[in-house]
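Take a look at the structure below.
The values are calculated or read from the model by the stated rules, or taken from the named source; none is laboratory data. Remember, it's a predicted structure, so these values are computed and weren't measured experimentally. Neighbour counts run over all protein chains shown; Cβ positions are idealised from the backbone, glycine included. For the accessible areas, the whole protein counts, side chains as well, though only heavy atoms, and no ligand, DNA or RNA atoms are used. Shrake-Rupley method; radii C 1.70, N 1.55, O 1.52, S 1.80 Å.
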Amino acid sequence: MIVPTLRTQVAIVGAGPAGLTLAYLLHQAGIEAIVVESRSREYVEARVRAGVLEHGTTELLAAIGVGERLRREGLVHTGTQLRFGARNHRIDFQELTGGKSVTVYGQQEVVKDLIAALLSADAPIVFDAEAVALGRLDEDRVSVDYRDAAGTACRLEADYIAGCDGFHGISRAAIPAQALTIFEHVYPFSWLGILAESPPVSDELIYTNHERGFALVSMRSPSVSRIYVQCAGDDDVAEWSDDRFWGELRARLDSDAGGPSVIEGRVLQKGITPMRSFVAEPMRYGRLFLAGDSAHIVPPTGAKGMNLAIADVRVLAQALDLFYRRADSAALERYSETCLRRIWKTQRFSAWMTRMLHRFDDHAPFDRRVQLAELDYVTSSRVAAAGLAENYVGLPLA
Ligand code: FAS
Ligand code: PHB
């Protein structure tokens with residue numbers, strides 16, 4: 001049977017932040033790439049996930065010409081609040097990092113901007129195309145077999161494959177198990193997140209460590225809040241009515257005892273995100289490169305998932321540019337090692353923030369006191385606060 005076959009230099013599986021940023025970086029470098037994405041454009045542009053862009057991520061998107069709406073609509077945050085003992089404590093990013101900040105701008109907005117930029121440049125993205133197999137990974141021409149919107153079996157042939165298909169994609173699974181080392185830590189709780197038409201509780205994010213559990217109040221605009229509360233690891237979103245959610249948030253913010261007040265609003269989206277740390281090493285097998293969530297997951301406490309995905313593909317795009325422009329594959333050979341240095345430092349920071357801010361049922365009274373002392377130290381020592389700020393705004397890019 002003749003299988004319709006497309007040919008390119010780099011096949012990109014997945015149109016999330018990793019795949020789309022890579023596609024645009026390669027386009028700008030004059031390297032041919034085709035993205036295959038299992039979902040529709042509407043679906044990926046509506047998927048509500050991360051919300052905080054590191055300083056370097058914002059700068060990168062601006063530098064490649066995809067930052068105009070981000071500059072107009074993004075909310076620049078020069079600090080954040082840690083709340084414990086019924087008090088807010090501010091971490092001043094700008095003062096502690098020599099002027100750096102973060103920008104609150106929904107992941108789905110980044111995705112929309114990248115898709116618009118790619119399509120206006122006639123860069124090919126095949127939506128509703130689920131990759132079902134990766135082949136010939138150790139030969140000179142690799143292949144991605146996918147089913148198109150009509151269910152027709154198709155093939156994409158390329159020099160390289162970028163597996164940007166997330167934690168549940170097929171790319172990591174295409175690597176023989178014996179070729180990978182997996183590092184994983186699953187936390188005994190999850191986050192229940194909502195998107196609501198309600199004015200943000202505060203003009204800065206508030207991370208709360210409360211006896212009843214963690215809560216995080218974030219936002220997407222002056223009229224839309226993004227809020228998370230710690231819930232049981234096996235919790236069911238059906239168990240969380242809007243009333244229960246708002247009541248729990250008030251309790252964790254001590255709203256009825258002088259804490260930040262909460263204005264309820266229509267809940268637009270509600271979902272539970274499991275909390276895990278995960279790394280697959282190495283991030284390369286033959287001519288397949290893993291990037292983003294296909295290779296690693298961090299608990300969202302440090303607001304790192306999307307930023308780490310974009311940092312990976314920045315390294316990969318530079319390495320591919322060196323290869324195609326100068327036939328120099330040294331950076332490609334170092335890809336996994338280069339990315340993993342940042343990934344493990346980000347895992348450390350995300351695990352530290354998660355341990356410091358959440359309630360652990362197995363915490364003895366001693367552990368609880370140490371946790372509160374950690375918060376007290378971070379908010380009373382300039383050196384400790386600078387460590388948090390430096391990681392939160394984003395470590396220097398490689
Ligand atoms: P993505 O998962 O974003 O994208 C992978 C893409 O590949 C998807 O579009 C998928 O449809 C596609 N795909 C999968 N299999 C395919 C196949 N076989 N063929 C073709 N395409 C395929 N991070 C934060 O920093 N803060 C947060 O609050 C936060 N909340 C999150 C909530 C949820 C529910 C989830 C799942 C993640 C959250 N994250 C958060 C992390 C998230 O932002 C990721 O780090 C980010 O999406 C990673 O981007 P990608 O690596 O591009 O993967
Ligand atoms: C968000 O706004 O979605 C957000 C902010 C900070 C985090 C996680 C998520 O740590």
From the list 159, 113, 140, 145, which one is open to solvent by 20 Å² or more (accessible area, probe 1.4 Å), among the acidic types (Asp, Glu) and at pLDDT below 95? 140
Cβ pairs under 8 Å, 6+ apart or interchain, first in region 27-44 and on the phi < 0 side of the Ramachandran plot, second within 16 Å of ligand 2 (Cβ to nearest atom) and of a type in the set (A, V, I, L, M, F, W, C), ordered by first then second residue, are 44/111
Is at least one residue of region 167-174 within 14 Å of ligand 1 (Cβ to nearest atom), surrounded by fewer than 16 Cβ atoms within 10 Å (Cβ to Cβ) and farther than 22 Å from residue 303 by Cα? yes
Search result, residues across region 302-342 that are under 19 Å from residue 106 (Cα atoms) and of a type in the set (D, E, K, R): 304
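Could you pull out every one of the strands (runs of 3 or more DSSP E) wholly within region 217-332 that has 2 or more residues that are open to solvent by 10 Å² or more (accessible area, probe 1.4 Å) and away from ligand 2 (no atom under 16 Å from the Cβ)? I'd like the intermediate steps shown before the answer.
Values: elements: 224-232, 266-281, 288-290.
Filter on region 217-332 gives 266-281.
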Somewhere in region 177-193, is a residue part of a helix (DSSP H, G or I) and open to solvent by 50 Å² or more (accessible area, probe 1.4 Å)? yes
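Given the residues 357, 397, which is the only one that is of a type in the set (A, V, I, L, M), open to solvent by 50 Å² or more (accessible area, probe 1.4 Å) and touching a residue at least 60 places away in the same chain (Cβ under 8 Å)? Write out each step before concluding.
Values: 357 fails: open to solvent by 50 Å² or more (accessible area, probe 1.4 Å).
Testing whether each residue is of a type in the set (A, V, I, L, M), open to solvent by 50 Å² or more (accessible area, probe 1.4 Å) and touching a residue at least 60 places away in the same chain (Cβ under 8 Å) leaves just 397.
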Would you please name the residue that is surrounded by the fewest Cβ atoms within 10 Å (Cβ to Cβ), looking only at residues in region 29-57 that are within 14 Å of ligand 1 (Cβ to nearest atom) and of a type in the set (Val, Ile, Thr)? 48
What is the residue count in region 210-220 for residues that are at negative phi and small (Gly, Ala, Ser)? 2
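Would you pick out the residues in region 247-303 that are farther than 30 Å from residue 318 by Cα, among the basic types (Lys, Arg) and touching a helix residue (DSSP H, G or I) at 6+ places or on another chain (Cβ under 7 Å)?
The initial filter retains those residues of region 247-303 that are farther than 30 Å from residue 318 by Cα, namely 247-275.
Subsequent filtering for residues that are among the basic types (Lys, Arg) retains 250, 252, 266, 270.
Passing the criteria: 250, 270.
Here is a list: 277, 329, 294, 255. Which entry is touching a Phe, Trp or Tyr at 6+ places or on another chain (Cβ under 9 Å), among the polar types (S, T, N, Q) and under 19 Å from residue 214 (Cβ atoms)? Steps first, answer last, please.
On the way: 329 fails: under 19 Å from residue 214 (Cβ atoms); 294 fails: under 19 Å from residue 214 (Cβ atoms); 255 fails: touching a Phe, Trp or Tyr at 6+ places or on another chain (Cβ under 9 Å).
That would be 277, the only listed residue that is touching a Phe, Trp or Tyr at 6+ places or on another chain (Cβ under 9 Å), among the polar types (S, T, N, Q) and under 19 Å from residue 214 (Cβ atoms).
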List every residue pair whose Cβ atoms lie under 6 Å apart, where the two residues are 6 or more positions apart in sequence or sit on different chains, the first residue falls within region 157-172 and is more than 14 Å from residue 15 (Cβ to Cβ), and the second residue, located anywhere, is within 16 Å of ligand 2 (Cβ to nearest atom) and open to solvent by 10 Å² or more (accessible area, probe 1.4 Å). 167/293; 167/297
Test: residue in region 340-353 that is surrounded by 20 or more Cβ atoms within 10 Å (Cβ to Cβ), within 30 Å of residue 135 (Cα to Cα) and not acidic (Asp, Glu): yes
